[in-house]
Every structure is written in structure tokens, then in C-alpha cells.
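A quick write-up on the structure given underneath.
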Amino acid sequence: MIVPIKKDGEFEEWAIIELQGDLKFNSTNITNVYIGDLHFTKSGTPILIIGIHVLHGKEMVLPKPFAVLVKKKNEVNTTNIFERQTEYIIKALIKRKIIFRSRPKPIVTNVPKFN
Amino acid sequence: MESVESSYSRTMEEVQESLKLAVIKESDLQKVTQILYSTEEPNVEEHIKLLELDDHLLETVNKGDSLTFQGTEEDLVVLCTKCRTYDIKEAGTSNSYLLVPKLNLSEQSNVDTNRTIKARNISGIFHTYYEVKECRPKLEKLLNVLEPTSFKGIEYESSISHELLYDWHRLKNEIQASEAELIQALNDYLITNIDGYFRLISFEFEARSLTLMLDLFEENSWEIDEVDKEITYEFLKELIYKPVFNILFTKYTEISEKSKKDGTPLYRYNEEKCCKTLAKVLFVASPVTEYKQFMKSWNIGTPEKIEPKEEYLYGIALIRWNNLMEKEIVSFPETDLPIDVDERFNKLFKAKKKWTVQEITPYIINLTTNKMNVNALLTKYARSSIINGIKYYSSKYDK
């Protein structure tokens, strides 16, 4: 069997945000759930605020880029028998990632001020 | 582990409030803040695969050249470009990869306006991706599927069952190899196109044809480099289809420097290839033969102007000393050896302890890839030693 991987117009450029460990959603609805805020400092360091955690990361070029393949099933009518033909479309290329490797710093609220 | 609370749409005020709580000065930050949300639709990641690309694959996808996953249900899937084949392995990572379409990186966020916020829905969280490794095309199957319909001679053609025949489409579908590698293999294995179907030429038929060709060569007392192709075909045409003749004649000859009076070229028999095939004929009758006796029979079977030499046996037979300290010749075809590199080297060193590079090369040349040549293979899988000035390779694990 031959499953084609096709180019369909220009590729988008996507990126990866790499986090240590796993990300879990508490709600049962897991679409359009807010995850966090991504900032960059003026010097270019990415900062991710997730819940009560602040993460400082680094932008990196991937040693080997990724292609993002999206599976598509086409119904093909061959002599009145409907056959399912799978193919993949290359939607995007990923050349860079932002990696958050350091331990998250908690945001501490209500710290008494001295002065 | 990070934990995320319920769903809402984030406002500028909330972003600024978070920054304040985290004691991060807004003035230190670039003006664009990207808000990450989970996927827009459920199960988006089920339809997405991440495929790692090397330089060749990157070039292939950028050009929009052919790229395919190939394999039948019982095969492990491979990835093929027009000219290369790759093994694919699913690799896992303990980190989470959040796939973010159109994410702005630092230089794209460095704009001089008021703070803006951009919503970014991720396209899933991934813990696996496909790793690729260039490999040799999986050609073992090629011989297996074509064997039942191999060409044994015109008189046997009516007994070939039609549904076992392979046309290009069927072959391409079942053999895990790129198009260029498959075409190369068809040449290497003497596979010829007869009426649209790809056919192996059986060894018996090949040997019979070669013997007839060489008989004619002797009868006409041609010089080795004065072989006439037309006369040879005329002599054989009752027995052999033209495409089969052409592929055999091309295998056993090269164009000679001499030509006929009308300018058409004459040909020269390739002594090594002719002698190899004639030796294989002897092995069919007797796989193990005492050295002198073998050399004698081999000489008798070969035209006078072609001289069999010991080194022509490399890749098809071993010359070794048996328990009675007699020199003998043992049939040992490369095609019978395992495909796996470790297993193949084991088998080679079991059959014979020490090999010269010249002796072992025909047995491992088919394991080489763009990244690993014969020398690299020997360095990795064997140990070298020098005896009387000659370099030998032996097993890494023997004393």
C-alpha cells in the first residue's frame, strides 16, 4: 500500500513550546481552555506564566525540523465501490521551539512589605 | 505537573495583573503577549503526526517531490522519496510538546506599539514523533514475489499462472523501495519486462543460455573481444525472447574496442561474470568439492580463451581447509546470508575465521548505505590483524 504525503500550497511555520512534565486539564471540556500567557523580554527571553508559575525559557533552532502531517481520508468511488484512501497533507514546518527547562518559580502573593 | 483551571477569554487587565503579581516589569517586555489556549476542536492531535526531517527530506518537501509511506499490513512502514528509503520509528519524549500554529517568536514580537494580545490555540500536546533513519530498500521480497513466475524458457511460458504476474503498479505497491532504487534492483537482479510484466530469469535458463552463447563463441573461434551480437542472437532466437537475450547479453559482455567493418560494435565477454555463473552450475551438482578437482572441472567447462581464476569465486564460494587438511571449495552464495548486519557477520566468521578485504567485500557490499561504506562496516563489526604483511578481518569476539 502507498500512502502519499502531499504538499498543499505554501507551508505555515509553526513552533513547539516544550514543557517538562505533562499538562493536565481539570475541566471535562478541553477545547479553548486558557493555558497561559507568553511574553518575551526585550532581550528575547521567553517567559510563560501558567497558573501560579512563572517559567523562563530559551528559543532554540531544532537540530532536525519537523513536518506537521495531517491525516485525510478521501472517499474514492472506484466502479461504485467506495474505497477509503488515506493521505497526509504537510500543513506546516516546525524549525524552532521554545523550551522551558528550568524549575517554575511560584508567584507569591500577600508578602508583607518591609520598609 | 501544571494544572489549568476552567475556560475563559483572557483580557488585557488580567494579563497585566498577572505580571504585577509575578513582579515582572511590563517595560522590560516586548509589546506582544500571546495567550495560549487548548485546541479549538476536540481530538485535533489524533489526525496529526510529527515527522522529523533530515536535509534530503526537507529538500524533498520544499520542492513538493514525491514522498510516501509504503508497506503492506505485514510490513513495518517505511518512508520513500524518489530515490531513498527510510525506516521510521516512533520516538517518545517525557516532555510535552505544545504545537502552536503561527506562534510569534521573539523577533516577531518586537514591535513598537501599545501592548497587544494575540490568542493562540495550540494544535495538541505531543509526546511522540516519527524518527527517520535512512536504510536500504527492502528488496528481499522482490525476489520472493517474482520467483513463482520466473522465466524458464519459451516452452514453459504457457504454464505460468497469470494472476501471479507483477506489473509495475503491483510491484510498486508491494515492494518497500523508492522508485529509483526499485528500477536499479530490476537491473541488478536481471528482471526483465516481458509483455508488461516483470520477470526474473531463472538460473537454469540463464546458465543454459550462457553455455550456448559460449559454445558458439568457441565454435566460431572468435577472439574474446570479437563477439558478434547479431550472430549470437540469430543462433539463440528459437529459445529466447529478445528482451531476455538483451539483458543476458548485456550482463555477460561489454563493448569491445574493436568493431565490424560496417562500424557496428563488437563485444567482449566479461571473464569474471562468465566464470562465476559456470562455477555456480558446478555447485548445483556438488556444493562441496576438493580444490584440484573443482578447478579441473571448472576449466573443462569454460571456453579455452577464458581462464577461471580463484578470485572469481569471491562472493559465491569459500576456499578453506577441511578437517583432513585438504583444500576444498564450498558453495557460499551471498544471497543466502541474513539481511541483519550482526547476524550476517556472525555467519561469515563462523564459515571462515579470517578474511581479506577482497574476499569479504562481495559479502557485505549489499549492507552499505550512503553513510556506511565497506571500511566503516569492517571497523564497526570486525577486528583487523596483520599476518605476514596481509591484513585480515576476524570476529570481534574471538580470541
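Values in this text are rule-based calculations from the coordinates and carry no lab data. Owing to the predicted nature of the structure, the values given are computational and were not obtained by experimental measurement. When we count neighbours, we look across all protein chains shown, and the Cβ atoms used for this are built from the backbone with ideal geometry, even at glycine.
Worth pointing out:
- Long pairs among B:Lys305/B:Lys350; A:Lys24/B:Lys118; A:Lys7/A:Lys64; B:Lys141/B:Lys280, criterion Cα-Cα beyond 27 Å: B:Lys305/B:Lys350
- Listed residue pairs exceeding 24 Å between alpha carbons, taken from B:Lys82/B:Lys242; B:Lys133/B:Lys391; A:Lys105/B:Lys20; A:Lys42/A:Lys105: B:Lys82/B:Lys242; B:Lys133/B:Lys391
- Eligible lysines near B:Lys261 by straight Cα distance, threshold 18 Å, same-chain separation 8 or greater: B:Lys229
- Cα-based shape type of the range B:140-200, given that a ≥ b ≥ c are square roots of the gyration tensor eigenvalues and the cut on a/c is 1.5: prolate
- With viscosity 1.306 mPa s and temperature 10 °C, the Kirkwood radius over alpha carbon pairs of chain A converts through Stokes-Einstein to a diffusion coefficient of 87 µm²/s.
- Estimated FRET transfer efficiency when R0 is 25 angstrom, pair B:Asn270-B:Lys352 (beta carbons, to 0.05): 0.40
- Simple spin-label estimate for B:Glu14 and B:Asn187 in nanometres, 7 Å along Cα-Cβ: 6.5
- Gyration tensor (alpha-carbon) shape descriptor, the range B:288-399, a/c threshold 1.5: prolate
- Cβ-Cβ FRET estimate between B:Lys258 and A:Met1, R0 fixed at 60 Å, reported to 0.05: 0.70
- Helical mean residue ellipticity (222 nm; -39500 (n - 2.57) per DSSP H run of 4+; nearest 500) of the protein assembly as shown: -7500 deg cm²/dmol
- Inter-label distance for B:Asn370 and B:Trp321, nm, one decimal - labels placed 7 Å from Cα along Cα-to-Cβ: 4.6
- Residues in the range A:1-24 reached by a label modelled at A:Thr86 [backbone nitrogen below 18 Å; 7 Å Cα→Cβ]: A:1-7
- Between the range B:91-136 and the range A:35-56, the C-alpha centres lie 14 angstrom from each other.
- Segment B:Glu234-B:Asn299, length gained on full extension (0.36 nm per residue, minus Cα span): 20.7 nm
- Overall shape of the range B:88-172 was characterised from the C-alpha gyration tensor. The equivalent ellipsoid obtained from it has semi-axes of 58, 16, 11 Å, in decreasing order.
- On full extension, the segment bounded by B:Asp398 and B:Glu41 gains 122.5 nm, given 0.36 nm per residue less the C-alpha separation.
- Between B:Asp75 and B:Glu131, the FRET efficiency from the beta-carbon distance, with R0 = 25 Å, is close to 0.90.
- The protein assembly as shown: Rg to Rh, with Rh as the Kirkwood radius over Cα pairs: 1.15
- Per residue Cα convex hull volume in Å³ - calculated over the range B:12-135: 170
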